[in-house]
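K.L.:
Before I ask anything, here is the structure I am working with.
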Amino acid sequence: MPVESGNPLVTFHAAVTRVDANGGSPQGPGGWYPEEKLTRMQSLKGNKMPVHITLMLKTPTGMTIDAAYASFSEHEVGSLEAGKRADFVVLDRDIMSVDGQEILKIKVLATVVDGVIQFGSF
């Protein structure tokens, strides 16, 4: 299922539900090739998102560890660890437990890049 948005939440939603924002797909309500759905953890760890989009709290390796590895920067970014740049977002709800269609309603409360709040607050 093509995902054309630059919004990582849209990509995450498509990866774990295999349906569009309206809950549909060309193959019906079960999703586009539903056997290819990723678990939420698989999507967070393996999704090739920009290195500055990382989730905090329940996902210690974050959304970008594989992307950081692919860009040879896993020693600097990609997970929240001492000595690495602190790049992450704070969401208004737990992306690991909300209903699939609720993923698209999640709001970003804050974005932190290199340890500095760039947007919002928490």
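The values are calculated or read from the model by the stated rules, or taken from the named source; none is laboratory data. Remember, it's a predicted structure, so these values are computed and weren't measured experimentally. Every residue, glycine among them, receives a Cβ derived from its backbone with ideal geometry; neighbour counts consider all protein chains shown. Side chains are part of the model used for accessible areas, which takes the heavy atoms of the whole protein and leaves out ligands, DNA and RNA. Shrake-Rupley method; radii C 1.70, N 1.55, O 1.52, S 1.80 Å.
K.L.:
Compare 122, 12 by solvent-accessible area with a 1.4 Å probe and give them largest first, with all protein chains kept in place.
P.N.:
122, 12
K.L.:
Counting only protein chains, not ligands or nucleic acids, how are 88, 119 ordered by accessible area (probe 1.4 Å), most first?
P.N.:
Largest to smallest exposure gives the sequence 119, 88.
K.L.:
Could I ask something else about it? So what does residue 97 come to for accessible area, using a 1.4 Å probe and Å² rounded to 10?
P.N.:
Accessible area of residue 97: about 80 Å².
K.L.:
At 1.4 Å probe size, with no ligands or nucleic acids counted, give the accessible surface of residue 39 in Å², nearest ten.
P.N.:
Looks like 80 Å² after rounding.
K.L.:
Also: Tell me the label-point distance for the pair residue 39, residue 101, using the 7 Å Cα-to-Cβ offset, in nm and rounded to one decimal.
P.N.:
Result for the modelled spin labels: 2.6 nm.
K.L.:
Taking the Cβ-Cβ separation of residue 118 and residue 22 as r and a Förster radius of 30 Å, what is the calculated FRET efficiency to the nearest 0.05?
P.N.:
0.45
K.L.:
What length, rounded to one decimal in nm, is gained on full extension from residue 93 through to residue 76, with 0.36 nm per residue of separation minus their alpha-carbon distance?
P.N.:
Length gained, residue 93 through residue 76: 3.4 nm.
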